[in-house]
1. Helix-only estimate, please: 222 nm mean residue ellipticity of the chain, summing -39500 (n - 2.57) across DSSP H runs of length 4 or more and dividing by its residues, to the nearest 500.
2. Tell me, what HN-Hα J-couplings in whole Hz come from the Karplus equation 6.51 cos²θ - 1.76 cosθ + 1.60 at θ = phi - 60° for each residue of the range 636-642, using x for Gly and Pro?
3. Along the charge dipole of the chain, which of C422, L444, I275 sits closest to the positive end, that is, farthest toward it, with unit charges on the beta carbon of Lys, Arg, Asp and Glu (+1, +1, -1, -1)?
4. What FRET efficiency do you get for T517 and W432 if R0 is 35 Å and r is their Cβ-Cβ distance, rounded to the nearest 0.05?
5. Relative contact order of the chain: what whole-number percent is it, with Cα pairs under 8 angstrom and at least 6 residues apart?
6. Could you give the size of the charge dipole of the range 438-592 about its Cα centre, using +1 on the Cβ of each K and R and -1 on the Cβ of each D and E, expressed in debye and rounded to the nearest 20?
7. P(r) of the range 340-498 in 10 Å steps, Cα pairs, percent per bin?
8. Assuming R0 = 45 Å, can you tell me the calculated FRET efficiency for the pair N361 and E185, based on Cβ-Cβ distance, to the nearest 0.05?
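Please treat every number below as a calculation from the coordinates, not as lab data. Predicted model only: the values in this text are computed from it and were never measured. Backbone-built Cβ (ideal geometry, glycine too); neighbour counts: all protein chains shown.
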Amino acid sequence: MAKKPYYITTAIAYTSGKPHIGNTYEIVLADSIARYKRFVGYDVRFQTGTDEHGQKIEEKAAQAGVTPKEFVDKTAGEIKRIWDLMNTSYDKFIRTTDEEHEKQVQKIFRKLYDKGDIYKGEYEGMYCTPCESFFTESQLVDGKCPDCGREVQPAKEEAYFFKMSKYQQQLINHINKNPEFIQPESRKNEMMNNFLLPGLQDLCVSRTSFKWGIPVDFDPDHVIYVWIDALTNYITGLGFDADGRHDRLYDKYWPCDLHLIGKDILRFHTIYWPIMLMALDLPLPKQVFGHPWLIQSDGKMSKSRGNVIYADDLVALFGVDAVRYFVLHEMPFENDGVISWELMVERLNSDLANTLGNLVNRTISMSNKYFDGVVTNKKVNEAVDKELMDYALDTRLRVSKAMDKLRVADAMTEIFNLFKRCNKYIDETMPWALAKEEDKQDRLATVLYNLVESIIIGATLLEPYMPETSEKILAQLNASKRKVNDLVRFGGYPSGTKVTATPEILFARLDLDEVMTKVAEMMPEPEPEPEVDENPGIDIEKKEEISIDDFDKVQLQVGEVIACEEVPKSKKLLCSQVKIGSEVRQIVSGIKAHYSPADMVGKKVVVVTNLKPAKLAGVESQGMILCAEDAEGNLSLVTTEKDVPHGAEIR
């Protein structure tokens, strides 16, 4: 019987620089899912790769003094090196500079244009270079990019647009009919409420302000926008052909079972990408999972702060599987996870060295000490043995239940709970005490057999998450990895098998001070922070320039407030009597929220004295008192530095 196909992808990594451990987490997470699916019998296709076009790449290449292609070749090579270092089992590493990919992207763009879903127009908006995205003023958050929080710049250029709204209702219907399409649930609600239900704007899908991209073949002044270029990798990597002559891989594996992506690019994968597929009359992916972020314990990783953690640095100190364990086990399902050198040491010592490593070492050592390494099932079982056996066999079911919901951390917890149960079993049965009694030797042999069998079950289940460790454990026990169907019964380990004579230490305990000394030696010096003005002031919208003659038309004088009262029936206004030279002016000001009448009396203020009189709330105002306003709307009267007489001219 043919295996059921399963297609899983990561987001393709952007080739702007070396990926830190937060970026690396995604490929390790995807690898654990892919390995698990293979284990339970699926025909898995696992694809990853690199996103290599765009303005940011063009700028970075120029800064480095190399061509964009030279820049991305080097960076893509570094990304692939780290993916390989982390022992990830991908089947395809696609690059968006691959010739076949570029060819298909051009054909897809033309097909959408010929269909009328892409049209030519002009774009004007706020542009974020790192995200390569346009936004309207209303979409900005505090005037900055809503995705990355960086500064945006006004931009205007000719562009092609994709008719997103044409497919909006079709996508809403699909999401409502397929509740598992966007996961976790909170991400689905975010996409529906913040983007789809309020209404979609047409999407800018080409650029003319830079050249490093795939040209529109019928309008070469335009390069195809990054999201059409990048997102289509999921089908071009399978041999999709826009003319319908698909490779067998596309026919076999599409639609994708799982797009695994970071929560920050969820909108592109759950709105833009499905709508592109609808326009191409192609099936939609079965599920998009937006995973949380792995962040530093002291905040966001930053080169300027010198706190960026890279996978290869972690591996140098802890080993590949220890790093895999940490990033998979410590990441919550929906909330961001935290990583630090201190936490790594703590988890390695407690979970890996103690719970797992010590268990395997003790079991092998006792087998060698008491039976010359030969493990025999004498079947002298007691009630406590049944408890261990049931727990070991149930672990497979608990792991399966967690993995069906992509709760990888929970699955790993279940496996380590089995190892903890084995340690408890040692305390309950006390093999060292049994060894002292001649008539308890068969019972002792049975206890050690049950331990070895339980460890093998745990090590088999551990393989998707910590493949090297799983292999080492099984090798020391002279056992092979079980198939999933072999885990339905207890006792598969052949009685009379001999374990290794000298157990290998799987994870040695580490001293935190020694680790932090090594960290200090390997970490680069923080990049100097740019000088920050502690009082940056306020930028306001600039008015049209005026000449000195224009300014001379405004008459400014010093006035002294001799009386002040509230304006009846007004919540904002105060009415001041202001002495200016030999006359007294009545001036109404909207400053009641900031000054009381008593505060005003005696103050020297700056007054516009040639302003045309006006009535405010029925009270005549014969000038204007000047105030400064901060970003929160607080007002401060404009006064003179020295005590000058009222009536003095300001110029």
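1. Rounded to the nearest 500, the figure is -11500 deg cm²/dmol.
2. 9, 4, 8, 10, 9, 5, 10
3. Farthest towards the positive end: L444.
4. In this case the efficiency is close to 0.35.
5. It comes to 11 percent, rounded to a whole number.
6. Here the size comes out at about 1300 debye.
7. Bin by bin from 0 Å, the calculated values are 11, 41, 35, 12, 2, 0.
8. Computed FRET efficiency for N361 and E185 comes out at 0.60.
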